[in-house]
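Chemist: I'd like to ask you about the structure that follows.
The values are calculated or read from the model by the stated rules, or taken from the named source; none is laboratory data. Predicted, not measured: the structure shown is a model, and the values here were computed from it. Cβ: placed from backbone, ideal geometry, glycine included. Neighbour counts: every protein chain shown. Side chains included, ligands, DNA and RNA excluded: accessible areas come from the protein's heavy atoms. Shrake-Rupley method; radii C 1.70, N 1.55, O 1.52, S 1.80 Å.
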Amino acid sequence: MDVRKLVYVSLFATVIGVLGLFPPIPLGFSPVPITLQTLGVMLAGSVLGARFGPKYASYSLILFLLLVATGLPLLSGGRGGLGVFVTPSVGFLIGWVAGAFIIGYISYKMKETSLFKLMVANLVGGMLVIYLFGIPFQAFVMEISIGQAALLNLIYLPGDFTKVMIASLLAIKLQKRVPLLKEVKA
């Protein structure tokens, strides 16, 4: 990995950490809080993945989760350490890696970037893929059925749709404004 790619991987891991400074919104009926960090996952995929390839989007999430595992309180609410990987949120954290990869893959394969295409990429990777990982793990940890866990997660959909729109708009702007991101795909 060249220095430029390493810097961008680190930068997006940092962005996700900074988004963790915003306090989580706890829901009384679900142990998984609403956070802004999924926005960072979508940005990593739709900006970093679009220019350098999907694996670099995933690398930024792997780096972030490794930092969390070491105990750094980077998750929303100041959470960190190995303990977060045995909570109902664990599937969503794992889903972040896969989601960023899928968003990055779709974005990287686009011949021409458009707001609509980025919204589809963020919807598929930033919501569908993350929920595909998150809901089964949440059901397992909470000892409830997958159907019950899916119902619990319906409350997150409006916020996640909003994050899809914001991430897509920001990605379009960043791809046009950041000089190093304008270069030809590697």
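Chemist: Under the classification rounded if a/c is under 1.5, otherwise prolate if a/b is larger than b/c and oblate if not, where does region 78-186 fall, given a ≥ b ≥ c as square roots of the Cα gyration tensor eigenvalues?
Modeler: The shape class here is prolate.
Chemist: Would you tally the net charge around residue 101, using a Cβ to Cβ cut-off of less than 13 Å, leaving residue 101 out, and scoring K and R as +1, D and E as -1?
Modeler: Neighbour charge sum, excluding residue 101 itself: +2.
Chemist: Which of 115, 154, 72 moves most in a GNM of the chain, Cα contacts under 10 Å?
Modeler: Sorting by GNM fluctuation, first place goes to 154.
Chemist: Tell me which DSSP H helices of the chain clear both cut-offs, 27 Å or more of axial length from alpha-carbon atoms and a mean Kyte-Doolittle hydropathy of at least 1.0.
Modeler: Result, helices passing both filters: 90-109.
Chemist: Hey, can you rank 7-20, 139-152, 87-100 by average C-beta count inside 10 Å, highest first?
Modeler: So the peptides 7-20, 139-152, 87-100, ranked by packing, come out 87-100, 7-20, 139-152.
Chemist: Further question on the same structure: Please compute the length gained on full extension between residue 109 and residue 150, using 0.36 nm multiplied by the number of residues separating them and subtracting their Cα-Cα distance.
Modeler: Here the segment from residue 109 to residue 150 would lengthen by 11.7 nm.
Chemist: Between the alpha-carbon centers of region 106-127 and region 81-105, tell me the distance in whole angstrom.
Modeler: First find each Cα centre; the distance between them is then 20 Å.
Chemist: Can you give the accessible area of residue 86 in Å² (nearest 10), computed on protein heavy atoms with a 1.4 Å probe?
Modeler: It works out to around 110 Å².
Chemist: When the helices in the chain are scored as -39500 (n - 2.57) per DSSP H run of 4 or longer and the sum is shared across all residues, what 222 nm value do you end up with, to the nearest 500 deg cm²/dmol? Can you show the working numbers first?
Modeler: Values: 8 runs with 110 residues, N = 186.
Value at 222 nm, helices only, nearest 500: -19000 deg cm²/dmol.
Chemist: Same structure again: With an 8 Å cut-off on Cα pairs and a minimum separation of 6 or more residues, tell me the relative contact order of region 1-155 in percent.
Modeler: 24
Chemist: At 1.4 Å probe size, with the rest of the protein present, what percent of the exposed accessible area of the chain is carbon and sulfur atoms? Mind dumping the intermediate values first?
Modeler: Working: 6790 of 9040 Å².
Result for the chain: 75 percent of the exposed heavy-atom area is carbon or sulfur.
Chemist: A further question on this structure: Rank by packing, highest mean first: peptides 56-63, 156-163, 121-128, 74-81, with packing defined as the count of other Cβ atoms within 10 Å averaged across residues.
Modeler: So the order, starting with the most tightly packed, is 56-63, 121-128, 74-81, 156-163.
Chemist: Once you list every other residue whose beta carbon is under 12 Å from the beta carbon of residue 46, what net charge do they have if Lys and Arg are +1 and Asp and Glu are -1?
Modeler: Neighbour charge sum, excluding residue 46 itself: +4.
Chemist: First check a/c for region 16-103, with a ≥ b ≥ c the square roots of the eigenvalues of its C-alpha gyration tensor; if it is under 1.5, answer rounded, and if not, answer prolate when a/b is larger than b/c or oblate otherwise.
Modeler: It comes out prolate by the Cα gyration axes.
Chemist: Roughly how many Å² is the accessible area per residue of region 118-172, as a whole number, for a 1.4 Å probe?
Modeler: 49
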